[in-house]
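Trainee: The structure's right below; bear with me while I get my questions together.
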Amino acid sequence: MEKLLYVTANPKGLEKSKGLQIGEAFLEAFQQERPDVEIMKMDLFTLDFAQMDADLVSARGKLAGYGYTLDQLTDTERAKILKMHALADEFVTYDYYVFVSPMWNLNSPAVLKAFLDNLFVSGKTFAHTSNGPKGLLSNKKAIHIQTRGGQYTGTPLQEMESGDRYLKIALRFLGIEVMDTVIAEGFDLFPQKVPEIIEKAKDNARLAAKELAKGIAVQV
């Protein structure tokens, strides 16, 4: 059975979050097309995962560059690196990934970057080769649903947006095929149009869900 991981980075909850409401429309459309796919929801604001602190940075360095084994790490280092590896191990079991996040201060919420840090594990999600790093998560697809208070698309502000851009870079680095982002923007600029913006984004999300539901494209 194929599996989809639905990752959200918004602390507001479904009733207050426009992005999560758009995300639910995506899921409903996807489930209608692919009821055979198992869906797992992951709320990053409630998920307990490893943070890139001094212990974890030290553990990664010792294992990657200094020839240490797990047994040679401190108890704290070992616990944190194993926690990181467990999350990466779970992540690779999925076939589809949906990320839902707002844009805060030109970027995604910090919790999303912290989550992504756990996925960069050499030998699990990417490998070092003579031609440079190679992503190991081929034949998987991902999409980002992002909400923005301002208007960035097609304006001089577009180059300042870095949350969606970084997420795409990170996922592609790991070998994942990334679909076009579903963007809902202008909420703060056009408060009277909020319902219209949401409905348009839901329509776009449903179309994207149908496209994702067509299946994994084999990469050669």
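Trainee: Comparing 207, 70, 44, which has the greatest mean-square fluctuation in the GNM of the chain with Cα pairs linked when under 10 Å apart?
Mentor: 70
Trainee: With no solvent and one equal point scatterer placed on each C-alpha of the stretch 70-134, evaluate the Debye formula and give log10 I(q)/I(0) for q = 0.12, 0.13 Å⁻¹, two decimals.
Mentor: Taken in order of the listed q values, log10 I(q)/I(0) reads -0.44, -0.51.
Trainee: Using +1 at the C-beta of Lys and Arg and -1 at the C-beta of Asp and Glu, which of 139, 21, 42 has the Cα lying farthest in the positive direction of the dipole of the chain?
Mentor: My answer, from the dipole projection, is 139.
Trainee: On a 0 to 90 degree scale, rounded to 10, what angle separates helix 163-173 from the longest Cα axis of the chain?
Mentor: 50
Trainee: Loop only per DSSP, at most 15 neighbouring Cβ atoms within 10 Å: give me the GluC sites (Glu not before Pro) in the stretch 1-91, ordered by residue number.
Mentor: Here the GluC sites (Glu not before Pro) that fit, given the DSSP loop and packing criteria, are 2, 15.
Trainee: Next question, about the same structure. Among the aspartates and glutamates, select those whose C-alpha is under 12 Å from the C-alpha of residue 12, and discard any that sit fewer than 8 residues away in the same chain.
Mentor: 43
Trainee: Only Cα pairs under 8 Å and at least 6 apart count here; give the relative contact order of the stretch 120-220 as a rounded whole percent.
Mentor: Reported relative contact order: 32 percent.
Trainee: What fraction of the DSSP beta bridges in the stretch 1-138 is antiparallel, stated in percent and rounded to the nearest 5?
Mentor: 30
Trainee: OK, next. For every other residue with a beta carbon closer than 9 angstrom to the beta carbon of residue 149, add +1 if it is Lys or Arg and -1 if Asp or Glu, then tell me the sum.
Mentor: Charge balance in the 9 Å sphere: -1.
Trainee: Among the trypsin sites (Lys or Arg not before Pro) in the stretch 1-42, which ones are in a DSSP loop with at most 10 other Cβ atoms within 10 Å of the Cβ? Mind listing them?
Mentor: 16
Trainee: Additional query: Which angle between 0 and 90 degrees, to the nearest 10, do you get for helix 18-33 versus the longest principal axis of the chain when only C-alpha atoms count?
Mentor: Helix 18-33 sits roughly 90 degrees off the main axis of the chain.
Trainee: For n ≥ 4 DSSP H runs only, could you compute -39500 (n - 2.57) per run for the chain, divide by its residues and tell me the 222 nm figure to the nearest 500?
Mentor: Taking each H run of at least 4 residues, the total per residue is -12000 deg cm²/dmol.
Trainee: With +1 on the Cβ of every Lys and Arg and -1 on the Cβ of every Asp and Glu, and nothing else charged, how large is the dipole of the stretch 73-220 about its Cα centre, in debye rounded to the nearest 20?
Mentor: Approximately 300 debye in magnitude.
Trainee: Specify the angular offset, from 0 to 90 degrees and rounded to the nearest 10, of the alpha carbon long axis of helix 194-212 from the longest principal axis of the alpha carbons in the chain.
Mentor: Compared with the principal axis, the helix lies near 50 degrees.
Trainee: Mind scanning 16/193; 83/168; 134/214; 141/168; 62/83 and naming the pairs with a C-alpha gap bigger than 18 Å?
Mentor: Too far apart for the 18 Å limit: 83/168; 134/214.
Trainee: So, one more: Using Cα pairs under 8 angstrom and six or more residues apart, how large is the relative contact order of the stretch 1-106, in percent?
Mentor: 47
Trainee: Any idea which of 130, 73, 91 is furthest toward the positive side of the dipole for the chain, if Lys and Arg beta-carbons carry +1 and Asp and Glu beta-carbons -1?
Mentor: About the Cα centre, the residue reaching furthest to the positive side is 130.
Trainee: Under the classification rounded if a/c is under 1.5, otherwise prolate if a/b is larger than b/c and oblate if not, where does the stretch 10-68 fall, given a ≥ b ≥ c as square roots of the Cα gyration tensor eigenvalues?
Mentor: Taking the square roots of the gyration eigenvalues as a ≥ b ≥ c, the stretch 10-68 is oblate.
Trainee: Report, in whole Å, the centroid distance computed from the Cα atoms of the stretch 17-43 and the stretch 169-220.
Mentor: Answer, in whole Å: 12.
Here, each number is a calculation from the coordinates, and none is a lab measurement. All values reported here derive from a predicted model rather than from experimental measurement. Glycine also receives a Cβ, built like all others from the backbone with ideal geometry; neighbour counts cover every protein chain displayed.
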